[in-house]
1. Scan the range 396-413 and give yes if some residue there is closer than 24 Å to residue 308 by Cα, without any contact (Cβ under 8 Å) to a residue 60 or more places away in the chain and in a helix (DSSP H, G or I), otherwise no.
2. Give the residue that is surrounded by the fewest Cβ atoms within 10 Å (Cβ to Cβ), with candidates limited to residues of the range 374-403 that are of a type in the set (Val, Ile, Thr) and more than 14 Å from residue 320 (Cβ to Cβ).
3. Take the range 271-317 and flag every residue that is part of a strand (DSSP E or B) and basic (Lys, Arg).
4. Of the residues in the range 179-207, how many are in contact (Cβ under 8 Å) with a residue 24 or more places away in the chain and in a loop (DSSP other than H, G, I, E, B)?
5. When both residues are 6+ apart or on different chains and their Cβ atoms are under 7 Å apart, which pairs have a first residue that lies in the range 68-90 and is in contact (Cβ under 8 Å) with a residue 12 or more places away in the chain and assigned to a loop (DSSP other than H, G, I, E, B), and a second that is surrounded by fewer than 10 Cβ atoms within 10 Å (Cβ to Cβ) and aliphatic (A, V, I, L, M)?
6. Scan the range 159-178 for residues that are of a type in the set (Gly, Ala, Ser) and either in contact (Cβ under 8 Å) with a residue 60 or more places away in the chain or closer than 14 Å to residue 312 by Cα (or both) and jot them down.
7. For the range 132-177, give me each residue that is assigned to a loop (DSSP other than H, G, I, E, B) and closer than 29 Å to residue 348 by Cα.
8. Inside the range 346-361, can you point out the residues that are within 20 Å of residue 380 (Cα to Cα) and assigned to a strand (DSSP E or B)?
Amino acid sequence: MVAIISGIGRNDVTLPKIAIIPTGGTIQNGQPLVSSSKAGGDFNLLRPQRLHEPVAVKIAKEDLDGNPLTIGPNEEPFWDVTLDPADGLYLLPPMTPGQSPPQGYAAVHMNARRIIEEIDRFGLDTSGRNNLLAEAATLEVREIIDPRTGRELRAGGQTFSMFELVLISNAVNQALAEDDVAGCVVTHGTFTAEETACFLHYTVNSDKPVVVAASQRRHSSMGNDGDWNLVDAVRVAAHPDAKGRGTMLVMNEEILPAREVTKTNQRPGGFASSGGSASALGSVESDQVTFYFRPERKHTLWSDVRPNGTLPEVMPRVDIVKTYAGADDVPIAALIDRALKERSTPGAPQKHGILVEGFAYDGKPHQFQMPILETAMYQHGLPVAVANRGDHGRVPRLVDNPFISCDNLMAVKARLLLILAIEKLGMLTPFTDAANPSADDRQRLQQQLQRYQEIFDTH
């Protein structure tokens, strides 16, 4: 469910309409709100606030640029100004009724509409201009209503599950299905922004651009990067050349591909392309959007795993198993046991798979993991895929590899594609007799695995 909150933009020009879908994360977090000394105490903080009524003030005529400020003998050293609520937000001291400052609250989760208003009023480009968002597009904020709580979805990336990914994908598809919506921007926490971007890359049923925007620092922090990232994300989503490029993540003036992008550290600039064969799709410098590449693999409107309608609330479950020295069958056996139990549990995932982050070069699991992984496939019908733990390489198609090869996809991205492939193709057909499989059993399994492999070879 999506609630339309507001429309923000200019009325004097025709601009593309961009749907903003907020989900939470650092980009929507503010510093703790603390009462000002204006209410008592020693701490003084100014925060954007809305006036209740017009206020007449005197603004001192000050020297701001190093040149002498000449005031005539009969001239007042101030300007008489009336501040009006209709003008927008003003930086004013916040008040905490009934508490003696400094008294802090938890970090403030900012409403997306308020962030947009603050950026347009206080955010300046290198030429000193504001209203950067209003000049780029007409924005429509659409908050996702979480059916579990009946409230808007507000979650940090570290708390995301498949349930949230499904909500976001369905909301994006709903927005893009409207003729007057030119694109979508999804605000997100950085911990799992790369996964949400990849999921949307495969499940969005449109060639309109989808841009994920995130931030490494809170909205109200010094050196905050999220405001500029959001402006750039809107500019990219509104750009006519962005169409047909799938989902992108915009950070630090770079347009990064959803399939390959990954977070490398917590600093601004801490996102890069993985897989050893990808780079930025383009850049955003000032208000100029420039593209250099297009994603080669299938995505969005051309994806073979995108849904025909809305995605179901309960998706297949796929867990990642690491390969390392000393690895054995214990965690895999636990995953198989849970899969068998959930098959008879109403409301639980009914389809399961296993993603192995195998050794570098060929993605192969540890030798002690091989027998139980084969049991998972041959006896229980669980698709098993292998990715390369080395990042800058791919998993080649080898004759002695009985599993699905994930090419150069990172494990977390390959997991999402495997989930969607299972939802599309279904589980594997187990051998009638796992100890003595017939030729028909082997042929049927190879045909089913080939359908999976075609998806990983083309997405």
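The values are calculated or read from the model by the stated rules, or taken from the named source; none is laboratory data. Worth saying up front: this structure is predicted, and the values here are computed from it rather than measured. For neighbour counting, all protein chains shown are included, and Cβ atoms are generated from backbone atoms with ideal geometry for every residue, glycine included.
1. No; the residues of the range 396-413 include none that is closer than 24 Å to residue 308 by Cα, without any contact (Cβ under 8 Å) to a residue 60 or more places away in the chain and in a helix (DSSP H, G or I).
2. Pass one, the range 374-403, residues of a type in the set (Val, Ile, Thr): 375, 384, 386, 395, 399.
Still in the running and more than 14 Å from residue 320 (Cβ to Cβ): 375, 395, 399.
Working: 375: 17, 395: 27, 399: 5.
Within the range 374-403, the match that is surrounded by the fewest Cβ atoms within 10 Å (Cβ to Cβ) is 399.
3. Taking the range 271-317 first, the residues part of a strand (DSSP E or B) are 271-273, 282-285, 288-291, 317.
Selection gives 317 alone.
4. Start the filter on the range 179-207 by keeping residues that are in contact (Cβ under 8 Å) with a residue 24 or more places away in the chain, which leaves 180-207.
Filter once more, so that each one left must be in a loop (DSSP other than H, G, I, E, B): 180, 188-192, 204-207.
Total meeting the criteria: 10.
5. 77/60
6. The first filter runs over the range 159-178 and keeps only residues of a type in the set (Gly, Ala, Ser), leaving 161, 169, 171, 175, 177.
The answer is 161, 169, 171, 175.
7. Taking the range 132-177 as the starting set, the residues that turn out to be assigned to a loop (DSSP other than H, G, I, E, B) are 137, 147-150, 153-156, 160-161, 177.
Listed by number, the residues that qualify are 147, 148, 149, 150, 153, 154, 155, 156, 160, 161.
8. 352, 353, 354, 355, 356 - these are the residues of the range 346-361 that are within 20 Å of residue 380 (Cα to Cα) and assigned to a strand (DSSP E or B).
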